[in-house]
Amino acid sequence: MSLSGAAQCWFASLEVSRRRTWDDLAQEFLRQFAFNIVIDVSRREIEALHDRKSIKGSIVVDHLASLPTSEDRPIDDDFPDEEFVVMTSLSGWCMYFDGATNQSGYGIGVLLVSPQGDHIPRSARLAFSDRHPATNNIVEYEACILGLETALELDIRQMKVFGDSNLVLRQIQGDWKTRDVKLKPYHAYLELLVARFDELRYVHLPRAQNRFAGALATLASSVDIPIDVVICPLLIELRSAPAYCCLIGETEVQDDLSWYHDIYQFLRSGTYPEVATAKDRRALRNLATRFVICGYTLYRRSADGMLLLCLDRASADRVMIEVHVGVCGPHMGGHMLARKIMRTGYFWLTMETDCCQFVHKCPECQIHGDLIHAPPSELRALTSPWPFSVWGIDIIGKVSPKSSSGHEFILVAIDYFTKWVQAASYARLTSAKVASFIRSHIICRYGVPHELISDRGTNGAIEAMNKNIKRILRKMVETSRDWSEKLPFALWAYHTSFRTSTGATPYSLVYGMEVVLPVETEMGSLRVALEQQISETEWAQARFDQLNLLDEKRLRATDHIQAYQRKMTRAFRKWVKPRPLQKGDLVLRILRGLIGDPRGKFRPSWSRPYVIRELTPEGAAWLTNLDGNQFSKPTNVDQLKKYYV
């Protein structure tokens with residue numbers, strides 16, 4: 001039995017069992033709903049919910065059966081229904097849902113993504129808005145319910161749920177109460193569906209990252225679907241080249257003739273190709289005016305009167321290899337290679353494009369290529385809702401030379417709101433010392449943080465702070481081995497300096513006042529003189545007033561941070577050049593520094609090819625070399641570039 005036949009048989013049995021258990025499910029829903037919520041539910045509303053069961057499960061099965069299977073996903077043709085259920089119950093399923101409301105109507109869209117990456121779209125048009133008024137929240141509830149019902153039909157019990165409706169996700173998790181009378185029936189029915197899953201994880205997505213489900217919902221709301229008409233799931237393909245390019249490639253492979261065959265035959269005997277139209281003949285006559293036959297060889301007449309020998313594909317490849325990589329080959333760029341070949345006396349019709357592609361795939365040119373300074377992705381701003389809520393932690397080191405006390409590591413932590421920094425130096429850094437640092441320098445002083453972000457190659461804020469700390473230490477040290485003693489002074493200088501991102505100093509955002517510098521005490525600044533003239537009671541009251549106004553100052557800093565981040569994001573976006581890397585791609589990695597490399601200044605700029613084993617949306621990649629050895633630490637994608645074979 002084929003996959004399609006087995007899936008249809010299984011789903012047919014599922015359809016029968018679902019019809020048999022629907023009345024029990026509806027009765028259970030009515031009992032719980034009547035017990036928990038005192039509300040008059042009309043018979044028409046119950047029928048509206050009852051009509052939801054008319055889901056065409058066979059459509060989803062046909063779509064699953066049509067999906068291609070690769071060698072790493074074997075499927076036994078004679079498997080029983082139990083094995084099919086086990087196969088579809090694997091964890092790793094994801095569900096995206098969204099609703100659309102516009103002048104055309106109401107639509108809902110759902111996208112199920114299997115652990116293997118297969119996409120199962122589902123959409124529906126809500127045609128009951130004339131009898132039951134619909135709102136945006138009702139449409140979102142309908143979309144979420146459709147997705148959960150579809151998952152249950154496929155016997156999925158563990159799944160991640162993604163949506164851009166914060167209200168629906170919060171109410172499902174119980175964080176927010178359902179106060180709207182119109183939403184209470186939906187919420188009660190949704191709880192019944194959620195109870196049938198083993199595990200559900202909810203993730204709120206920005207609308208820009210939920211476009212697929214939004215497009216399905218918009219499509220369903222904009223199209224009038226006749227009654228009893230079923231629209232099969234969409235099939236979206238990826239075409240990497242224009243259609244005519246595919247046609248040209250197929251034609252070249254089929255006829256196995258050189259590109260100048262028609263020109264040669266026209267100049268030799270005056271004949272045209274059999275399938276040539278009147279326009280094709282006129283174009284061939286115009287093109288042949290720039291070619292000439294000497295003996296049995298075809299030449300192209302250049303603009304300066306020089307005759308260029310016309311080469312076929314095999315000869316062109318040999319010439320490109322010799323001119324680019326040969327004895328006199330300087331590994332020039334693609335455009336320069338095409339011009340040098342032309343000056344040498346050779347020609348073919350697509351020589352500039354072929355030369356650029358040849359240089360693009362040259363291993364030596366890729367390894368010794370210039371470093372890429374353009375960022376691969378847009379700036380992702382990390383924000384903190386309040387002081388000491390989100391901390392970033394990183395390690396500086398090994399620092400050379402060692403300090404006089406033998407220290408060569410600096411453990412640094414920064415609060416993302418106030419930019420307050422905690423740091424300590426160590427001779428040897430272990431996990432126990434990192435835990436002790438977090439406990440003594442963060443938790444005991446500022447409380448338990450809500451988030452603690454470690455450096456995974458994407459922590460730009462703490463990397464920038466590390467540069468500032470090292471820059472201050474570099475200017476403070478006297479003997480280059482006393483840097484550990486100068487570290488507290490460097491932190492003090494950092495805390496009392498104005499930060500452009502917050503519009504204030506870290507000290508003022510933490511303590512509510514500016515620090516009194518030693519020079520103010522010596523020189524007698526106006527602030528110090530005024531404080532000396534007031535009594536201790538008045539000074540304490542003024543200090544209380546500063547602390548009471550600290551929240552307002554922090555709110556102003558929050559507005560300043562958000563405006564600064566928007567400004568930096570706009571400026572950063574101008575320099576972004578995306579690098580479309582995917583899992584399984586071959587990439588090159590930047591080589592940093594000349595120390596320890598016997599090749600010295602002749603070492604390449606990029607290391608040997610690696611394979612991307614895992615890639616995160618934040619821009620961190622786990623690599624594997626060609627021998628199968630895996631890297632334990634991730635690499636930022638801005639240190640990688642694609643390798644072409």
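Taking 14 Å as the cut-off, the amide N atoms of the stretch 278-317 that come nearer than this to a point 7 Å along the Cα-to-beta-carbon line of residue 261 belong to 312-314. Were the residues from residue 481 through residue 576 laid out at 0.36 nm apart, the gain over their Cα-Cα distance would be 30.2 nm. Placing pseudo-labels 7 Å out from each Cα toward the beta carbon at residue 549 and residue 132 gives an inter-label distance of 5.6 nm. The Cα center of the stretch 484-554 and the Cα center of the stretch 397-439 differ in position by 26 Å.
FRET efficiency for the pair residue 344 and residue 282, taken as 1/(1 + (r/R0)^6) with r the Cβ-Cβ distance and R0 = 30 Å, rounds to 0.40.
A cut-off under 9 angstrom between Cβ atoms defines the neighbours of residue 399, and their net charge, with Lys, Arg +1 and Asp, Glu -1, is +2. With a Förster radius of 51 Å applied to the C-beta separation of residue 540 and residue 160, the computed FRET efficiency comes to 0.40. Take every DSSP beta bridge whose two residues both sit in the stretch 388-489; close to 75 percent of them are antiparallel. Per-peptide packing, taken as the mean over residues of other Cβ atoms within 10 Å, places 438-450, 143-155, 389-401 in the sequence 143-155, 389-401, 438-450 from highest down.
Only lysines eight or more places from residue 184 in sequence, or on another chain, were considered; those with a Cα closer than 30 Å are 53, 56, 160. The alpha carbon centroids of the stretch 252-306 and the stretch 570-585 are separated by 44 Å.
Tally Lys/Arg at +1 and Asp/Glu at -1 over every other residue whose Cβ is under 11 Å from the Cβ of residue 500; what's the total?
With Lys, Arg at +1 and Asp, Glu at -1, the neighbours total +3.
Protection proxy ranking of 544-555, 372-383, 523-534, by the mean of other Cβ atoms within 10 Å over each peptide's residues and highest first, is 372-383, 544-555, 523-534. The lysines within cross-link reach of residue 340, meaning a Cα-to-Cα straight distance under 25 Å and a gap of 8 or more places when in the same chain, are 361. Remark: spin-label model distance residue 514-residue 562 equals 2.7 nm, labels positioned 7 Å along the Cα→Cβ axis. Model label points for residue 223 and residue 360, set 7 angstrom from Cα along the Cα-to-Cβ axis, are 3.5 nm apart.
Taking the average, over residues, of other Cβ atoms within 10 Å as the packing measure, peptides 345-356, 279-290 rank 345-356, 279-290 from highest down.
A Förster radius of 25 Å combined with the Cβ-Cβ distance from residue 371 to residue 629 puts the calculated FRET efficiency at roughly 0.50. The stretch between residue 231 and residue 470 holds 79.8 nm of extra length on full extension. This uses 0.36 nm per residue minus the Cα-Cα distance. Which of 567/633; 419/553; 577/642; 402/475; 402/467; 470/553 have a Cα-Cα distance over 23 Å? Exceeds cut-off: 567/633; 470/553.
Among residues other than residue 628 with Cβ under 15 Å from its Cβ, the summed charge is 0 (Lys and Arg +1, Asp and Glu -1).
Length available on full extension from residue 523 to residue 500: 0.36 nm per residue minus the Cα-Cα distance, which gives 5.5 nm.
Bear in mind these aren't lab numbers, they're just calculated from the coordinates by the rules spelled out. Just so you know, these numbers come straight off a predicted model, no measurement behind them. Every residue, glycine as well, gets a Cβ built from its backbone with ideal geometry; the counts of neighbours run over all protein chains shown.
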